[in-house]
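*Asks:* Pasting a structure here, questions to come.
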Amino acid sequence: DIQMTQSPASLSASLEEIVTITCQASQDIGNWLAWYQQKPGKSPQLLIYGATSLADGVPSRFSGSRSGTQYSLKISRLQVEDIGIYYCQQASSAPLTFGSGTKLEIK
Amino acid sequence: EVQLVESGGGLVQPGASLKLSCVASGFTFSDYWMSWVRQTPGKTMEWIGDIKYDGSYTNYAPSLKNRFTISRDNAKSTLYLQMSNVRSEDTATYYCTPYVYYGPYFDYWGQGVMVTVSS
């Protein structure tokens, strides 16, 4: 199975701050990576697919990037509605696997 | 509007069996691969498996392959998850979700159904 090592586990940041969450894949997954946001009490929502493509309706302050087998999600100006848990997911091969999640809070 | 409504969860004893259902609407169910994904109370996300649009092929997470079975009824736009010999570690919220057309990503989620395994 492909392991996705996500960090940090939790993050507290100020409004308007830049936030970065990373996932390290245990092997090459190309651009087969997605990011999800899960707001408190809600189901997950797709933010990014193909490592860098923004899903429909997602604000442009969210962006994804890749460097080798390391993937990053950046929130350019943190807003209060961005609090929640963020997950990466590799879509390269079965079994599909998720990162352990990053809980994002407002400082 | 895409809707996914999971049902069939609840409190179940260890070793028992349980069958979850997911009724889909708002898209052509028979055109899409479908998956089950679960989330534990500790918020760990786990892919359970998937099924081809015509039901002819299934794929499972190795750790669950011997106990879980995914099936579908395209005439009823319904996806199923048969769980057998359940264990406490199966306690989770279960989601059904279709793959998007551009890859094995999940753009639509139901509200999920909670399964609690406890004596």
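The values are calculated or read from the model by the stated rules, or taken from the named source; none is laboratory data. If you're wondering where the values come from, they're calculated on a predicted model, not measured in any experiment. Cβ atoms come from the backbone with ideal geometry, glycine included; neighbour counts cover every protein chain shown. With ligands, DNA and RNA removed, areas are computed over all heavy atoms of the protein, side chains included. Shrake-Rupley method; radii C 1.70, N 1.55, O 1.52, S 1.80 Å.
*Asks:* So B:Val86 ticks every box in (1) open to solvent by less than 40 Å² (accessible area, probe 1.4 Å); (2) assigned to a strand (DSSP E or B); (3) more than 14 Å from every other protein chain (Cβ to nearest Cβ) but one. Which box is left unticked?
*Replies:* The one condition B:Val86 does not meet is (2).
*Asks:* Right, next: Just name the residue that is farthest from A:Gln38 (Cα to Cα) out of those in the range B:43-57 that are part of a loop (DSSP other than H, G, I, E, B) and facing chain A (nearest Cβ under 9 Å).
*Replies:* Step by step, filter the range B:43-57, then rank; the result is B:Thr44.
*Asks:* Only residues that are assigned to a loop (DSSP other than H, G, I, E, B), facing another protein chain (nearest Cβ under 9 Å) and in contact (Cβ under 8 Å) with a residue 60 or more places away in the chain: list them for the range B:89-119, please.
*Replies:* Hits for the range B:89-119 are B:Tyr108, B:Trp109, B:Gly110, B:Gln111, B:Gly112.
*Asks:* Among (1) more than 12 Å from chain B (Cβ to nearest Cβ); (2) over 13 Å from the mean Cα position of the chain (by Cα); (3) open to solvent by less than 60 Å² (accessible area, probe 1.4 Å); (4) under 19 Å from B:Lys43 (Cα atoms), where does A:Pro95 come up short?
*Replies:* Of the numbered conditions (1) more than 12 Å from chain B (Cβ to nearest Cβ); (2) over 13 Å from the mean Cα position of the chain (by Cα); (3) open to solvent by less than 60 Å² (accessible area, probe 1.4 Å); (4) under 19 Å from B:Lys43 (Cα atoms), the odd one out for A:Pro95 is (1).
*Asks:* I need the full set of residues from the range A:28-70 which are in a loop (DSSP other than H, G, I, E, B), open to solvent by less than 70 Å² (accessible area, probe 1.4 Å) and farther than 25 Å from B:Trp36 by Cα, in order please.
*Replies:* Residues satisfying the conditions are A:Pro59, A:Arg61, A:Gly68, A:Thr69.
*Asks:* How many residues does the range B:10-42 hold that are part of a loop (DSSP other than H, G, I, E, B) and under 16 Å from B:Thr116 (Cα atoms)?
*Replies:* 8
*Asks:* Follow-up question, since we're still on this one. Looking only at the range A:27-54, count how many residues are closer than 18 Å to A:Ala94 by Cβ, facing chain B (nearest Cβ under 10 Å) and of a type in the set (S, T, N, Q).
*Replies:* Count: 1.
*Asks:* Tell me, yes or no, whether the range A:4-20 has at least one residue that is at pLDDT 95 or above, touching a Leu at 6+ places or on another chain (Cβ under 6 Å) and within 14 Å of chain B (Cβ to nearest Cβ).
*Replies:* Taking every residue of the range A:4-20 in turn, none turns out to be at pLDDT 95 or above, touching a Leu at 6+ places or on another chain (Cβ under 6 Å) and within 14 Å of chain B (Cβ to nearest Cβ).
*Asks:* Another question, if that's okay. A:Lys74: touching a helix residue (DSSP H, G or I) at 6+ places or on another chain (Cβ under 9 Å), modelled with pLDDT of 95 or more and open to solvent by 20 Å² or more (accessible area, probe 1.4 Å), yes or no?
*Replies:* For A:Lys74, the condition - touching a helix residue (DSSP H, G or I) at 6+ places or on another chain (Cβ under 9 Å), modelled with pLDDT of 95 or more and open to solvent by 20 Å² or more (accessible area, probe 1.4 Å) - is not met.
*Asks:* Further question: Taking the range B:21-51, which residues are open to solvent by 60 Å² or more (accessible area, probe 1.4 Å) and of a type in the set (Ser, Thr, Tyr)?
*Replies:* B:Thr28, B:Tyr32, B:Thr44
Condition check ((1) under 18 Å from A:Ser92 (Cα atoms); (2) open to solvent by 30 Å² or more (accessible area, probe 1.4 Å); (3) more than 14 Å from chain A (Cβ to nearest Cβ)) across all residues:
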position	(1), (2), (3)
B:Lys19	no, yes, yes
B:Asn59	yes, yes, no
B:Phe68	no, no, no
B:Asp73	no, yes, yes
B:Tyr80	no, yes, yes
